[in-house]
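Please read the structure below before turning to the comments.
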Amino acid sequence: NSTLFTFTDATLSGTPTQDDLGIHYINITATEDNSSGLTDWVYLQITVHNTNDRPVVTGFTPEGTYVTNYEPGATGLNVLEEKIGSWTIEYDDPDLDTCTFATSFGNARFDLDSATGVFTFAPIQQDVGEHVVNFTINDGTVDNYAEITINVKNVNDKPTIEDITHTGGVENLTVQYS
């Protein structure tokens, strides 16, 4: 393969990539520069073996009706308070390994399925704001890392009135409750 190897000053060199896996055949011919015309050649078989490549997180797919990806002017993932947000971690592994997922995000209302990469967040009022979540993805050999911000959007809660207990009153006097 002429793009895989170069031959300069009697040195054969090259840096194979994932696309170069397999067997490559190279015929090298050497000819004297004098009038003798003597020639020799060698036929090489070079096998490029696979090495494990790190998996890479490529995105986060929303799985619910209360989540959105990348609203205009916002970064990260968005979910409404008191609703369940659910996303799937999308990834690419050049070796086609099955990957597992982990996080150290410590919110009790956050859950990650380590086998599928599906994570859910059921935030409440105290979770309104930004939360940075770090993920580890592992292909059985090596780890890689990804970070995403989850924006919990406030929902306008309806007002509530506490129960007013009747305390009595006197005729012609104003009664007030606060």
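Just a few scattered comments:
- Rounded accessible area of SER114 (nearest 10 Å², 1.4 Å probe): 60
- In terms of packing, defined here as the mean over residues of other Cβ atoms within 10 angstrom, the peptides 126-133, 137-144, 45-52 line up highest first as 137-144, 126-133, 45-52.
- Between ALA30, ALA115, ALA146, the GNM of the chain built on Cα springs shorter than 10 angstrom shows ALA30 fluctuating the most.
- Here's the picture: a label point sits 7 Å out from the Cα of GLN126 along the beta-carbon direction, and within the range 139-171 the residues with their amide nitrogen under 19 Å of it are 151-155, 157.
- Heavy-atom accessible area per residue - the range 22-162, 1.4 Å, Å²: 63
- The string of couplings for the range 18-26 from the Karplus curve (6.51, -1.76, 1.60, θ = phi - 60°) is 4, 6, 9, 4, x, 9, 10, 10, 10 Hz, one whole number per residue in order, with x for Gly and Pro.
- Among GLU82, GLU162, GLU63, residue whose mean-square fluctuation peaks in a GNM of the chain (springs only between Cα atoms under 10 Å): GLU162
- Using heavy atoms of the protein chains and a probe of 1.4 Å, the accessible area assigned to ILE148 is about 20 Å².
- Using C-alpha pairs below 8 Å separated by at least 6 residues, the relative contact order for the range 110-161 is 29 percent.
- Accessible-area ranking of ARG109, ARG54, largest first, probe 1.4 Å: ARG54, ARG109
- Using the Cβ-Cβ distance between SER13 and ASP157 with R0 = 45 Å, the FRET efficiency computed as 1/(1 + (r/R0)^6) comes to roughly 0.10.
- Percent carbon-and-sulfur accessible area, the chain, ignoring ligands, DNA and RNA, probe 1.4 Å: 50
- Prolate is the label for the range 86-178, because a/c, from the alpha-carbon gyration tensor with a ≥ b ≥ c as root eigenvalues, is 1.5 or above and a/b exceeds b/c.
- Span per principal axis, largest first, for the Cα atoms of the chain (Å): 134, 31, 23
The values are calculated or read from the model by the stated rules, or taken from the named source; none is laboratory data. Everything numeric in this text was worked out from a predicted model, so none of it was measured. When we count neighbours, we look across all protein chains shown, and the Cβ atoms used for this are built from the backbone with ideal geometry, even at glycine. The area values use the complete protein model at the heavy-atom level, side chains included, leaving out ligands, DNA and RNA. Shrake-Rupley method; radii C 1.70, N 1.55, O 1.52, S 1.80 Å.
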